[in-house]
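Read through the structure below, which is laid out as structure tokens, and then see the notes.
Taken together, the values in this text are just the output of simple stated rules run on the coordinates, not laboratory data. In this text, all values refer to a predicted model and were calculated from it rather than measured experimentally. FYI the Cβ positions are ideal-geometry reconstructions off the backbone, even for glycines, and counts take in every protein chain you see.
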Amino acid sequence: MKTMLRIVPMVLLLLAIQSSGFASETGTMRCNEGIVSIGDTAGEVISKCGQPAFATQREQKKIEEGPKGTRERTVTVVTIDDWTFNFGPDQFQHQVLLENGRVTRIESLDYGY
């Protein structure tokens, strides 16, 4: 009975980890023509990896508060590009987020198709 009480929580934890998906932030992405890293421009990404399989674009407002005790606020509109690269069934897909044309995040996804 004690053994069962130890195994059940462990199995539940493993199932929770597996069901949470396979996305993980990597910070880099290897392509045929080079490695893409945080800070690269949209042009560099396309020259190294080609066109994304899927792309969306949106604008997002960023509000920055001024010094504490003041009512100063700066509102900036940022263009967010969300690109997904699919390198085929033997390689992982990658999601690349760009803010104002620069890579800010790279995530490794599940295998491609």
By the scheme Lys and Arg +1, Asp and Glu -1, what is the net charge of all other residues having a beta-carbon under 12 Å from that of T56? -2
Vicinal HN-Hα couplings computed from phi for region 48-55 (Karplus, 6.51 cos²θ - 1.76 cosθ + 1.60; Hz; Gly/Pro x): 8, 10, x, 6, x, 6, 8, 9
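When Lys and Arg each count +1 and Asp and Glu each count -1, what net charge do the other residues less than 11 Å away from L98, Cβ to Cβ, add up to?
-3
Net charge near E65: determine it from the other residues with C-beta under 14 Å of the C-beta of E65, scoring Lys and Arg +1 and Asp and Glu -1.
Taking every other residue near E65 into account, the sum is +3.
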Check: region 24-111 dipole with +1 on Lys, Arg Cβ and -1 on Asp, Glu Cβ, in debye: 380 debye
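Starting with the fewest neighbours, write out K68, K61 ranked by other beta-carbon atoms found within 10 Å of each beta-carbon.
Final ranking by Cβ density, sparse to dense: K68, K61.
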